[in-house]
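To start, the structure under review is shown below, and the notes come after it.
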């Protein structure tokens, strides 16, 4: 029990994942700033942001809405993200082998933050949040199918093993999955999926600032918004970590290989950052057809290639 | 199912830099109806102008708008000079046109950046604004100010552009051309920008004529109206340039027109700089001792379209009546055509595509009661309210 609590709250759960996620958030902002000829924030800026919201700013409750759901939603988001981080990071750090079929559990846990945001948005009673919530719902419909195809591809590549530990072991003993044509295709599709999961441009329409002023998060302030930030930090770490685990042979924590592990995560985050800085926001309709048609097509091609052993 | 949601854009909203209120009545994501309220920015400039001398009015109208701060003095100068009936020197004409075109350059760049920002493409935003800086540096070099240049006066301009400054200006323009190529390429060739802006917020040529739209908004729909050609003033008849038009009438066409107009502006500036070299230095104004009785119409092509100033003079040192019409005043009305039936995402970029400028537009606001249709307050009541408030404040002290 105590060990489980430690896993959940300290390592590799809440504290660890959120801290690394905050640094990745700084990395993302700094790269963005450099691309845009700006200086960028100091290293600790994500922490300042978080603690200012948590400790200094007051939480204002919307008058028309359901306060209980509105306040619980961010907490659900953090719990969902933390649980997912435990299941993803334990096998990655070779602490616990997890259980058979944990990849599917991870898939479901990763959708919890998105659903919590929708619940919170709809509970706030704000029309802009409602528009944002409906957009997030449509977006989930768009990318979840594609994401499950990616996971199916990984499972096929790993001879029908459903657990992350075996997937990492297989890659470390052989070659990383990304070292084949189908692996590269799956990597591209997965990058776009997590771009949408993280609601980064071009898929940031649920919170489109210049259209619906942060949409789903418009009514959040203070500590409640700090919780959402926390969930976002965690997601910014564990989604790239999941890609590293599924396609790039996970982490090897012996000596100089630690640096290599860090570079892998930073590389994936860098790809996300560059995509978000070289594209305008697309419309929700375009996003759905992008995933439903093009990304699904690429994923299916990858599956066929895997069936032929490529 | 006919219940519509009200999506407010304003009074303060990240989409617009100025206070205004657009009410989008939406069914799901589709905009079914649009209404707007302006009047948050009313400053009583026309009335204020009547209490200033002609020399002072230039500084006042320059402050109507921060971005197109030369177009208003330009139109006012044209109006007053029509009353006076004196031709200004060619050197002053060239300098006026240079200032006007530099302003168009930086205003269009500003719009391109903002349009990128509205689409969530912040890289374009930052790049466009970075490239805008050298243009503002030219302004600082020749006028002393980055904005609100105070260059105009009745009968000419206040400061000369000396021959020694011309090579430096030319160098900035040469550098800028490369950056403009880069930016134009980035916007015109990006498939995602095409997907977001093509076929969005279409205004047909007939719509533009019906709503009397002006400037790039009209030119993007294939209507070649440009005050610089239609009612030539300053040095525009003296140089070679063409009116840029596009046919599609959508947001992309508006961006295209603005981006290509930047090249025309550079060409005009270069020709004016050549023209300046032929004229005698220091010959920048004619002496105007009095403004006779009469009326004058002044028009100028601002970056957003036609600016119109109407001045009535009674022979005294200040205008008896000064009427201003800014381009956004007519362009805003086209939103009924461009936004209804679009999704919210498309409507917001359509709103931004005419480059609306509310502080230019706002002259007078009257509030009506929704049910009875009566004016909520007339002038007398407003004055009484003002007196009452002032007395309250005095009493509290």
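With the structure loaded, tell me whether residue B:160 is away from chain A (no Cβ under 14 Å), farther than 23 Å from residue B:17 by Cβ and assigned to a helix (DSSP H, G or I) or whether it fails that test. No; evaluated as a whole, the condition is false for this residue.
Taken over segment A:105-117, the criterion of being buried (at least 20 other Cβ atoms within 10 Å of the Cβ) and free of Cβ contacts under 8 Å to residues at least 40 places away in the same chain is satisfied by A:109 alone.
Counting only residues that are more than 13 Å from residue A:197 (Cβ to Cβ) and touching a helix residue (DSSP H, G or I) at 6+ places or on another chain (Cβ under 7 Å), segment A:100-115 holds 3 of them.
Of the residues making up segment B:190-215, those that are out of contact with any strand residue (DSSP E or B) (no Cβ under 7 Å at 6 or more places or on another chain) and away from chain A (no Cβ under 14 Å) are B:202, B:203, B:204, B:205, B:206, B:207, B:208, B:209, B:210, B:211, B:212, B:213. Does segment A:20-36 include one or more residues that are assigned to a loop (DSSP other than H, G, I, E, B), modelled with pLDDT under 90 and farther than 30 Å from residue A:93 by Cα? Within segment A:20-36, one or more residues are assigned to a loop (DSSP other than H, G, I, E, B), modelled with pLDDT under 90 and farther than 30 Å from residue A:93 by Cα.
Considering only residues that are more than 14 Å from chain A (Cβ to nearest Cβ), in contact (Cβ under 8 Å) with a residue 60 or more places away in the chain and on the phi < 0 side of the Ramachandran plot, which ones fall in segment B:112-157?
Kept after step one, since they are more than 14 Å from chain A (Cβ to nearest Cβ), are these residues of segment B:112-157: B:135-157.
Pick out the ones that are also in contact (Cβ under 8 Å) with a residue 60 or more places away in the chain and you get B:147-157.
Hits for segment B:112-157 are B:147, B:149, B:151, B:152, B:153, B:154, B:157.
Within segment B:184-203, the set of residues being buried (at least 20 other Cβ atoms within 10 Å of the Cβ) and part of a helix (DSSP H, G or I) comprises B:187, B:193, B:196, B:197.
Apart from one condition, residue B:231 fits all of (1) crowded, with 22+ Cβ neighbours inside 10 Å; (2) touching a strand residue (DSSP E or B) at 6+ places or on another chain (Cβ under 7 Å); (3) within 30 Å of residue B:88 (Cα to Cα); the exception is (1). Of all positions in segment A:256-276, none carries a residue that is crowded, with 16+ Cβ neighbours inside 10 Å, assigned to a loop (DSSP other than H, G, I, E, B) and away from every other protein chain (no Cβ under 14 Å).
So, residue B:160, is that one at pLDDT 90 or above and either over 24 Å from residue A:35 (Cα atoms) or assigned by TED's automatic domain parsing to the domain that holds residue B:89 (or both) or not?
no
Can we say residue A:46 is out of contact with any strand residue (DSSP E or B) (no Cβ under 8 Å at 6 or more places or on another chain), in a helix (DSSP H, G or I) and modelled with pLDDT under 90? It is false that residue A:46 is out of contact with any strand residue (DSSP E or B) (no Cβ under 8 Å at 6 or more places or on another chain), in a helix (DSSP H, G or I) and modelled with pLDDT under 90.
The values are calculated or read from the model by the stated rules, or taken from the named source; none is laboratory data. In this text, all values refer to a predicted model and were calculated from it rather than measured experimentally. We place every Cβ from the backbone using ideal geometry, glycine too, and count neighbours over all the protein chains shown.
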